[in-house]
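**Q** I'd like to ask you about the structure that follows.
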Amino acid sequence: MKKSYLAVLLMVTLAPSCLVAQKNEVALTFGSTISPAAEGNGFCEACPVQPPPGPVHVGTGFAWQATFSRRVADFRLASLSLELPVAGTPSRSEGSFLSSSYSSTFFTPAAQLRLLPNSRLSPFASFGGGMARFAGGGTSGTTGALQFGGGVDFRTPLSHFALRAEGRDFVSGRPSSLIPLNNITANHIQHVFVGGGIVLKF
């Protein structure tokens, strides 16, 4: 009996330390990207016949995101991590008079604030900045980008795995050289990513 009590006591003692030892996370999520504020007037400088006036919308596209994060401070009820999120959309359509498509990739190092890091449900918020890369219509361009958002992780019976639901807004400049985005009148574009996936903790 004493041995069984000792084993239980050892498990209870080591369990919190095992949770704290998991300072690194790799997350892979999939979802969609929308640009609710990306509109223009349909003007085409190179067209011999101008398209009729009207809004220009950027279509929704399939998107992915891979994130590595490392915990740098633990306050029990909250923790602070540095994260490296890379997100991309292989193809999105720009619905102007001459419809075209383009791809986008974002790299925005960020700070992540997490509440209740060792609980069953653990919400987090993220804010950072970096760069955005666009390609389409035979041209490409790079601009600065800001990223802010958040989500929640759901612990699973497997201690090293969790499920994640998240949403992030990547706000970038508009590359003047990128043909698919020439008709957008604003000097910045929102790329709102909403998705879910899996997290590996180690």
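The values are calculated or read from the model by the stated rules, or taken from the named source; none is laboratory data. Keep in mind it's a predicted model, so treat the numbers as computed, not measured. Heads up, the Cβs are rebuilt from the backbone with ideal geometry, glycines too, and the neighbour counts pull from every protein chain shown.
**Q** Of the conditions (1) more than 20 Å from the chain's Cα centre (by Cα); (2) in a strand (DSSP E or B); (3) farther than 19 Å from Ile34 by Cβ, Asn118 fails just one. Which one is it?
**A** Result: Asn118 fails condition (2) only.
**Q** If Ser100 passes every condition in (1) within 17 Å of Phe30 (Cβ to Cβ); (2) surrounded by fewer than 20 Cβ atoms within 10 Å (Cβ to Cβ); (3) touching a helix residue (DSSP H, G or I) at 6+ places or on another chain (Cβ under 9 Å) but one, which one does it miss?
**A** Evaluating Ser100 over (1) within 17 Å of Phe30 (Cβ to Cβ); (2) surrounded by fewer than 20 Cβ atoms within 10 Å (Cβ to Cβ); (3) touching a helix residue (DSSP H, G or I) at 6+ places or on another chain (Cβ under 9 Å) leaves (1) as the failure.
**Q** Kindly provide the set of residues from the range 121-138 that are of a type in the set (Gly, Ala, Ser) and under 16 Å from the mean Cα position of the chain (by Cα), ordered by number. Please lay out each step first, then the result.
**A** Going residue by residue through the range 121-138, those that are of a type in the set (Gly, Ala, Ser) are 122, 125-126, 128-130, 132, 135-138.
Ala125, Ser126, Gly128, Gly129, Gly130, Ala132, listed by residue number.
**Q** Of these, Phe97, Phe75, Phe106, which one is at pLDDT 90 or above, in contact with a Gly (Cβ under 9 Å, 6 or more places away or on another chain) and not acidic (Asp, Glu)? Don't jump to the end; show me each part of the working.
**A** Details: Phe97 fails: at pLDDT 90 or above; Phe75 fails: in contact with a Gly (Cβ under 9 Å, 6 or more places away or on another chain).
Phe106 is the lone residue from the list that is at pLDDT 90 or above, in contact with a Gly (Cβ under 9 Å, 6 or more places away or on another chain) and not acidic (Asp, Glu).
**Q** Restricting to the range 121-145, count the residues that are loosely packed, with under 15 Cβ neighbours inside 10 Å and at pLDDT below 95.
**A** Qualifying residue count for the region: 2.
**Q** Thr108 - would you say it is buried (at least 18 other Cβ atoms within 10 Å of the Cβ), more than 17 Å from Ile34 (Cβ to Cβ) and of a type in the set (Val, Ile, Thr)?
**A** Considered against the rule, which asks whether it is buried (at least 18 other Cβ atoms within 10 Å of the Cβ), more than 17 Å from Ile34 (Cβ to Cβ) and of a type in the set (Val, Ile, Thr), Thr108 comes out as yes.
**Q** Here's a check for you: in the range 146-174, which residue that is among the basic types (Lys, Arg) and either without any contact (Cβ under 8 Å) to a residue 12 or more places away in the chain or surrounded by 21 or more Cβ atoms within 10 Å (Cβ to Cβ) (or both) is nearest to Leu28 (Cα to Cα)?
**A** Going through the qualifying residues, I end up with Arg164.
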